[in-house]
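S.K.: Structure in structure tokens, see below.
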Amino acid sequence: GAGVSQSPRYKVAKRGQDVALRCDPISGHVSLFWYQQALGQGPEFLTYFQNEAQLDKSGLPSDRFFAERPEGSVSTLKIQRTQQEDSAVYLCASRPLPGTENYEQYFGPGTRLTVT
Amino acid sequence: AQSVTQPDIHITVSEGASLELRCNYSYGATPYLFWYVQSPGQGLQLLLKYFSGDTLVQGIKGFEAEFKRSQSSFNLRKPSVHWSDAAEYFCAVGGTGRRALTFGSGTRLQVQP
């Protein structure tokens, strides 16, 4: 079946612009995670949704970052007033039911954001 | 707090040679451990995972990993490397319940012909 998809794949923004990054998880997956991967680093957690509820946003680096998943499927990560330090690959991952033995997260291809 | 250390930033091996990528973790309970591979411009693909049971785990593409609780390690191995294995490899811990994965900083593997 279809995997996790993300759009756009590449985004160039001028400093100060707002951007919106979209994630389409695997159909039926309850859990959705956003990660930020800076160049040469491993992914770092941003936020977690269970269905439409945002249960953990402790990883969001500033109040310029906002995420939503209003209908419990597609999620959008929004970054306001982008800064150069926001340049990174943003990865989305989904997972089936929480609390099951299958803790594998399925990752999308990511959105590479470059802020100029 | 959970953490992962991958001590080798970059490794070069010859095609056909054996490979071992190191991973050490810190976790407050029984760890759930993963190895992912990332090719340029691609997302993360799961190679293998350890939850419990047999400490030697087999994965895809001929990879295996051994969980050693006494050493807090989960090293990835492959007996014979192929040129297509050149990529970035990430070890990760956690991911249970609402917990996100905590990743190491990765090891870039280069394969020489």
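Readers should treat all values here as calculations from the given coordinates under stated rules, not as data from a laboratory. Keep in mind that what you see is a predicted model, and the values were worked out from it rather than measured. Every residue, glycine among them, receives a Cβ derived from its backbone with ideal geometry; neighbour counts consider all protein chains shown.
S.K.: Ranked by Cβ crowding within 10 angstrom, fewest neighbours first, how are B:ASP85, B:ASP54, A:ASP18 ordered? Present the calculation step by step, with values, prior to reporting the outcome.
M.R.: Values: B:ASP85 20, B:ASP54 9, A:ASP18 12.
Ordered from fewest to most neighbouring Cβ atoms within 10 Å, B:ASP85, B:ASP54, A:ASP18 come out as B:ASP54, A:ASP18, B:ASP85.
S.K.: With a Förster radius of 22 Å, plug the Cβ-Cβ distance of A:SER7 and A:SER27 into 1/(1 + (r/R0)^6) and report the FRET value to the nearest 0.05.
M.R.: Values: r = 17 Å, r/R0 = 0.75.
Computed FRET efficiency for A:SER7 and A:SER27: 0.85.
S.K.: Can you give me the distance in nm between label points at A:GLN83 and B:LYS61, each placed 7 Å from the Cα along the Cα-to-Cβ direction?
M.R.: 3.6 nm
S.K.: Taking K and R as +1 and D and E as -1, what net charge do the other residues with C-beta under 12 Å from the C-beta of A:VAL74 add up to? Let's see the in-between values first.
M.R.: Working: positive: A:ARG22, A:ARG69; negative: A:ASP24, A:GLU52, A:GLU68, A:GLU71.
Result for the local shell: -2.
S.K.: A follow-up question, please. Taking only C-alpha pairs under 8 Å that are 6+ residues apart, what is the relative contact order of chain B in percent? Walk me through the numbers on the way to the answer.
M.R.: Values: 282 pairs, mean separation 42.1, N = 113.
Contact order relative to length: 37 percent.
S.K.: In vacuo Debye scattering of the range B:1-43, one point per C-alpha: log10 I(q)/I(0) at q = 0.24 Å⁻¹?
M.R.: Here log10 of I(q) over I(0) equals -1.04.
S.K.: Something else about it: When every alpha-carbon pair in the range A:1-48 is counted, what percent end up more than 15 Å apart? Walk me through the intermediate numbers first.
M.R.: Details: 689 of 1128 pairs.
The proportion of pairs with Cα distances above 15 Å equals 61 percent.
S.K.: What are the lysines whose alpha-carbon lies under 20 Å from the alpha-carbon of A:LYS57, with same-chain residues fewer than 8 places away excluded?
M.R.: A:LYS57 reaches A:LYS78.
S.K.: All other residues with a Cβ under 12 Å from the Cβ of A:TRP34 taken together, and with Lys, Arg as +1 and Asp, Glu as -1, what is their net charge? Numbers along the way, then the final one.
M.R.: Details: positive: A:ARG22, A:LYS57, A:ARG69, A:LYS78; negative: A:GLU44, A:ASP56, A:GLU68.
Local net charge: +1.
S.K.: Based on alpha-carbon positions alone, could you give the equivalent ellipsoid semi-axes of the range A:66-116 from the gyration tensor, as √(5λ), descending, whole Å?
M.R.: On the way: eigenvalues 140, 38, 13 Å².
Equivalent-ellipsoid dimensions as semi-axes: 26, 14, 8 Å.
S.K.: If you don't mind, another one. How many nm is it between the label spots at A:PHE66 and B:GLN42, if each spot is 7 Å from the Cα in line with the beta carbon?
M.R.: With each label placed 7 Å out from Cα toward Cβ, I get 3.7 nm.
S.K.: Then there is this: If we count every other residue with Cβ under 11 angstrom of B:SER73's Cβ, Lys/Arg +1 and Asp/Glu -1, where does the sum land? Let's see the in-between values first.
M.R.: Values: positive: B:ARG22, B:LYS68, B:ARG69; negative: B:GLU20, B:GLU66.
Combined, the nearby Lys, Arg, Asp and Glu give +1.
S.K.: Still on this model: In nm², what is the average projected area of the convex hull enclosing the Cα atoms of chain A? Please list the in-between numbers first.
M.R.: Details: hull surface 27.8 nm².
In nm², the orientation-averaged hull projection of chain A is 6.9.
S.K.: Please average, across the residues of B:35-42, the number of beta carbons from any other chain that are within 10 Å of each residue's own beta carbon, and give a whole number. Don't jump to the answer; show the numbers that get you there.
M.R.: On the way: counts 0, 5, 0, 7, 0, 0, 6, 3.
Taking the mean over all residues of the peptide, I get 3.
S.K.: Please pull out the direction-averaged projected area of the protein assembly as shown, using the convex hull of its alpha-carbon atoms, in nm² to one decimal place.
M.R.: Computing the convex hull of the Cα atoms and averaging its projections yields 12.6 nm².
S.K.: Something else about it: Taking the Cβ-Cβ separation of B:THR12 and B:SER80 as r and a Förster radius of 22 Å, what is the calculated FRET efficiency to the nearest 0.05? Kindly include the intermediate steps, with their values, before the conclusion.
M.R.: Values: r = 16 Å, r/R0 = 0.71.
That pair, B:THR12 with B:SER80, gives E of 0.90.
S.K.: Report the equivalent ellipsoid semi-axes for the range B:20-113 in whole Å, largest first, defined as the square roots of five times the eigenvalues of the gyration tensor built from alpha carbon atoms. Let's see the in-between values first.
M.R.: Details: eigenvalues 99, 46, 25 Å².
Semi-axes, largest first: 22, 15, 11 Å.
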